[in-house]
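Some notes on the structure that comes next.
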Amino acid sequence: MQIKDFLDKKAIKPNLESRTKEEALEELTTLIEKTGKVSDREEFLRVVREREELGSTGIGYSIAIPHARSSGIKSLVGAFGISKNGIDFDALDKEPVYLFFMLAAPKDAGGDYLKALAIISRFLRRRKSRQFLMKAETVEEIEKIIKREED
């Protein structure tokens, strides 16, 4: 499995408009909606917010990976966005988050969901990957960076 298997170019945004954690969750959910894999937006948002209440998915290194399994999702799907100004996301290292990768999966998704989370985490923990992504200005650039770094 690779990121391209669950990240649709319609769900990539090189310049998020969000200024707050809540706005970021909404904006990333809107990106996932564009893929056609959301059957119930409010249900998914409710579940992803509950997940954030358990502990922030801001893992440090300027990264957040909000994720949830929900009956409002048809199949495994991701969204990726970059905040040029950074967002306070209650990250573990208390630093602003610039790179956001939201992962959404059906309620019954198991192995593939966990595998996708591991792939995203491994990819974004590489300093070079993060540096390249931070400079990206277009969806196409982001796609090329992901493809190149995964190969």
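What follows is calculated from the coordinates using simple rules that are stated; it is not laboratory data. Predicted, not measured: the structure shown is a model, and the values here were computed from it. Note that each Cβ is placed from the backbone with ideal geometry, even for glycine, and that neighbours are counted across all protein chains shown.
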Given 14 as the ceiling on other Cβ atoms within 10 Å, longest exposed-site-free region of the chain for GluC sites (Glu not before Pro) in DSSP loops:
18-136
About its Cα centre, how strong a charge dipole does the chain have in debye, to the nearest 20, once Lys and Arg get +1 and Asp and Glu get -1 at the Cβ?
560
How big is the gap, in Å, between the Cα center of the range 1-65 and the Cα center of the range 70-112?
4
How large is ³J(HN,Hα) for each residue in the range 72-77, as worked out from phi by the Karplus curve 6.51 cos²θ - 1.76 cosθ + 1.60 (θ = phi - 60°), to whole Hz, x for Gly and Pro?
x, 10, 7, 7, 3, 8
With N set to the residue count of the chain, report its C-alpha Rg divided by 2.2 N^0.38 Å to two decimal places.
0.93
Where does the chain land at 222 nm, in deg cm²/dmol rounded to the nearest 500, when only DSSP H runs of n ≥ 4 count, each adding -39500 (n - 2.57), divided by all residues?
-13000 deg cm²/dmol
For the charge dipole of the range 50-97, defined by +1 on Lys and Arg C-beta atoms and -1 on Asp and Glu C-beta atoms about the Cα centroid, which residue among Ala79, Ala91, Ile59 has the Cα displaced farthest towards the positive pole?
Ala79
Pop a pseudo-label 7 angstrom from the Cα along the beta-carbon direction at both Ser71 and Lys9 and give the gap in nm to one decimal.
3.6
Expressed in whole Å with the largest first, what are the equivalent ellipsoid semi-axes of the range 19-66 derived from the C-alpha gyration tensor as the square root of 5 times each eigenvalue?
19, 13, 9
